[in-house]
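What follows is a short report on a single structure.
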Amino acid sequence: MGESSSESSSFAYEVVLEAIEQKLRSGELSIGERLPSERSMAAEFNLSRASVRDAIRILGVLGLVRSSTGSGPNSGTIIISEPVAGLAAALRLHVASRGLAVKEIVRTRIILETGAALEAVIDDSPETLARLAQAHELLARMDDPKLDRNVFHELDTQFHVLLTSLSGNAVLEAMMESVRVSVRDYVANSITTDEAWLPLATELRHQHHGILDAFESNQLDDAARLLRSHIEWFYGTATEDMKQR
């Protein structure tokens with residue numbers, strides 16, 4: 001059987017992606033709804049089921065759908081919105097391939113975090129108070145000198161993303177989390193010995209508390225300045241340690 005005109009391109013799945021994008025924009029599809037079956041979309045777009053399946057896999061990587069087999073309310077391909085998944089995956093791959101330099105990712109992180117700090121809203125609303133309380137809980141856990149290094153890095157990531165969320169900007173928050181995830185392996189592998197890690201962790205704890213104090217006192221210029229210094233210091237220290245191995 002010959003190939004259909006819609007599949008003359010090796011990127012036939014783009015037909016599906018573009019159609020779904022248009023349906024999301026128009027409101028014909030929305031978060032929480034299921035996509036039609038592979039068979040239905042293949043017929044609608046005059047494509048093979050393999051091309052439709054490729055498109056669904058890509059949407060999954062982008063954090064736009066979740067697929068599950070079986071029956072019931074959670075089965076099928078459901079539209080979700082997890083922008084961090086797609087952004088983080090793309091950034092990590094490009095960092096790993098040396099297409100994006102860690103140094104540039106770090107600079108981007110500084111821009112995002114300091115900008116978010118200057119936009120932060122510190123008030124007595126339940127949302128703000130809850131975020132600040134959570135930040136204190138994260139610092140309390142990181143203050144444990146026996147804490148596993150990898151757990152510390154994960155809590156550190158949560159702390160910084162949480163501070164970014166005080167800006168109330170969901171795009172900034174998603175971008176920030178993506179940037180952090182994209183250099184997670186670099187951070188974890190930058191300091192590999194207890195001799196190097198213990199004094200560094202002590203300084204990180206001190207800096208974290210100072211940053212949170214600046215947020216809580218609504219000194220946002222100071223918070224931005226401390227964040228910049230904090231990120232630059234860690235990157236510089238980690239880079240120097242890696243050079244000495």
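The values are calculated or read from the model by the stated rules, or taken from the named source; none is laboratory data. Everything quoted here is computed from the prediction, not taken from an experiment. Don't worry about glycine lacking a Cβ; one is built from the backbone with ideal geometry, like all the others, and counts go over all protein chains shown. What goes into the accessible areas is simple: the full protein's heavy atoms, side chains included, and nothing from ligands, DNA or RNA. Shrake-Rupley method; radii C 1.70, N 1.55, O 1.52, S 1.80 Å.
Could you grab the relative contact order for the range 135-201? Cα pairs under 8 Å, six or more apart, rounded to a whole percent. Computed over the range 135-201, the figure is 26 percent.
Considering only the other residues whose Cβ falls under 15 Å of the Cβ of Ser125, what net charge follows from Lys and Arg at +1 and Asp and Glu at -1? Each step should come with its number before you reach the end.
On the way: positive: Arg131; negative: Asp123, Asp124, Glu127, Glu216.
For residues surrounding Ser125, the net value is -3.
Work out, in µm²/s and without decimals, the Stokes-Einstein translational diffusion coefficient of the range 91-245 at 20 °C, 1.002 mPa s, Rh from Kirkwood over C-alpha pairs. Diffusion coefficient, whole number: 135 µm²/s. Taking all protein chains into account, the per residue accessible area for the chain stands at 56 Å² (1.4 Å probe). Placing dummy labels 7 Å off each Cα toward the beta-carbon, the span from Asn218 to Trp233 is 2.7 nm. Glu28 versus Ser81, label points 7 Å from Cα toward the beta carbon: distance in nm? It works out to 2.0 nm between the two label points.
Applying 1/(1 + (r/R0)^6) with R0 = 25 Å to the Cβ-Cβ distance of Ile58 and Val171, what FRET efficiency is obtained, to the nearest 0.05?
For Ile58 and Val171, the calculated efficiency is 0.70.
Helix 13-26 and the longest principal axis of the Cα set of the chain meet at an angle near 70°. Taking 7 Å steps out from each Cα toward its Cβ at Lys103 and Ser67 produces label points 4.1 nm apart.
Based on the Cβ-Cβ distance of Glu119 and Thr202, what FRET efficiency does E = 1/(1 + (r/R0)^6) give at R0 = 22 Å, to the nearest 0.05? It would help to have the intermediate numbers written out before the result.
Working: r = 31 Å, r/R0 = 1.39.
Efficiency at R0 = 22 Å is approximately 0.10.
The listed peptides 129-138, 203-212, ordered by packing as a protection proxy, come out as 203-212, 129-138 (highest mean of other Cβ atoms within 10 Å first). Surface composition of the chain: carbon and sulfur make up 53 percent of the accessible area, probe 1.4 Å. Summarising the amide proton neighbourhood of Glu33: residues at separation of 5 or more, or on other chains, whose placed amide H is nearer than 5 Å comprise Ile79. With the whole protein complex present, Tyr13 retains an accessible surface near 50 Å², based on a 1.4 Å probe.
So if we plug the beta-carbon distance of Ala90 and Gln134 into 1/(1 + (r/R0)^6) with R0 = 25 Å, what FRET efficiency do we get, rounded to 0.05? Write out the running numbers ahead of the final one.
Values: r = 28 Å, r/R0 = 1.13.
Efficiency for this residue pair is about 0.35.
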